[in-house]
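Everything on this sheet refers to the single structure shown next.
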Amino acid sequence: MKLLDIYVGSRFLKCFLLVILILAVFFSLIELLSQLDDVGKGAYRLGNALLFVIFTLPKCLYDLMPISALLGGTIALGLLADHGELLAMQAAGISVPRICVAVLATVMMIVITFAITAETIIPSMEQGARRSRAQALYVYGTALNLTRQGFWARKQNSYIHVHKMFSEGVAAGVDIFEFDTQGRLKSFTHALSANIRNNKQWTMNGVTQKIYRDHSFTIEKAATWTMGSFLSSDQVVVLKLPPYSLSTPDLLDCIKALQASGQNADQYLLALWRKLSLPLTTGAMTFFSLSFVFGSNRRISAGRRITVASFIGFALHFADQMVMHTGLLLNLNPFITAMTPVVFISGLAFWRLRILFRE
């Protein structure tokens, strides 16, 4: 039985790797085409675009795991069925559930491997790619240094630290350190928030400024204060690290910080729940692939199985993306938004497999 498990599992693994490689190439080409729109801006060149695609590839592979499990399982078991190997296994007394266990055990090892990389390798590569892209697109005297929720930047003799950035053109917690030509601190300005315009004007709110003169300082406060040309709201969106590029501990820290300050953390909550639900979606897709081979479908050709599974798989993949964006748009509960695809695919898979296990 162990040899059988290894044989079935290896066939599934080969087809899974082949499918995920093909899909990765396809989606990487799409990403490269989208990056070409920015080639020529700032210091962003074709080489930067290629590196960005390469370093974001692991995250792409992780996202493609469910649909690859569906297609890989359909192809692997479909070929075994067409060659009469599944029939021979069943004639030898090996039950259908026993064959399914061999597939699911392989899927479990794949999920564990991807889950480990999703917490170790993927976040650092994704964040590094986005930092490099931002630095190439927007260079201001020195390289930008992105933090978990904000960034450091230089403007002439001033160093600016933005604690948090939001996609609505709002920054929270802005510190400005201004130095003279000898490198001595002239002033320190702190703003509770800033409204960012596309004309690169930053309007600071709740401003406290400390001006240093002759080893002493004076404090000035103002309700609003405008900083000269710096970054537009579109550029700030580019600099912001997306929630899905963070590891689970970093996501939890961001969620706690946002909730403690009374801010909306739905994007980070959704990213967290989607990361936790993706292994479940992969398992559900694997169950779904079994229904294309066993039961009443066993006489269908492999080509037809693959075609139908591909159509349904891509439809489910894009429907999952639509559910995610719709949930954010309608302010739905992030847990419900993330788990809806899992429940739907699992229900569909068990409904189709019900006939199989009754035979």
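Throughout, read-outs are computed from the coordinates displayed, never taken from laboratory work. Please read these numbers as outputs of a predicted model, since none were measured by experiment. Counting neighbours? That spans all protein chains shown, and the Cβs are built from the backbone with ideal geometry, glycine included.
Observations
- Members of 41/186; 59/200; 14/59 lying beyond 27 Å, as alpha-carbon distances in this model show: 41/186; 59/200
- Förster radius 41 Å - calculated FRET efficiency between residue 344 and residue 33, Cβ distance, rounded to 0.05: 0.85
- R0 of 45 Å, Cβ-Cβ distance residue 157-residue 108: FRET efficiency to nearest 0.05: 0.20
- Residues of region 214-232 with amide N under 12 Å of the 7 Å Cα→Cβ point at residue 180: 214-216
- Taking 19 Å as the straight-line reach from the Cα of residue 210, the aspartates and glutamates in range (excluding those fewer than 8 positions away in the same chain) are 175, 178, 180, 220.
- Available extension along the chain between residue 310 and residue 41 is 93.1 nm, counting 0.36 nm per residue and deducting the alpha carbon span.
- Acute angle (nearest 10 degrees) that the helix 266-290 long axis makes with the longest principal axis of the chain, alpha-carbon atoms: 10 degrees
- For region 150-239, the Cβ-based charge dipole about the Cα centre amounts to some 80 debye (Lys, Arg positive; Asp, Glu negative; other atoms uncharged).
- Backbone N under 20 Å from the residue 87 label point (7 Å along Cα→Cβ), restricted to region 1-21: 8
- Length released on extending from residue 263 to residue 7, taking residue separation times 0.36 nm less the Cα-Cα span: 86.9 nm
- Against the rule of thumb 2.2 N^0.38 Å, how large the Cα Rg of region 150-239 comes out: 1.08
- Nearby lysines by direct alpha-carbon distance to residue 256 (threshold 18 angstrom, same-chain neighbours under 8 apart not counted): 164, 275
- Only the Cβ atoms of Lys and Arg (+1) and of Asp and Glu (-1) were treated as charged; on that basis the dipole of the chain about its Cα centre amounts to roughly 220 debye.
- Label-point separation in nm, residue 201 to residue 98, each point 7 Å along Cα→Cβ: 7.7 nm
- For the chain, calculated [θ]222 nm from helices alone, where every DSSP H run of n ≥ 4 adds -39500 (n - 2.57): -20500 deg cm²/dmol
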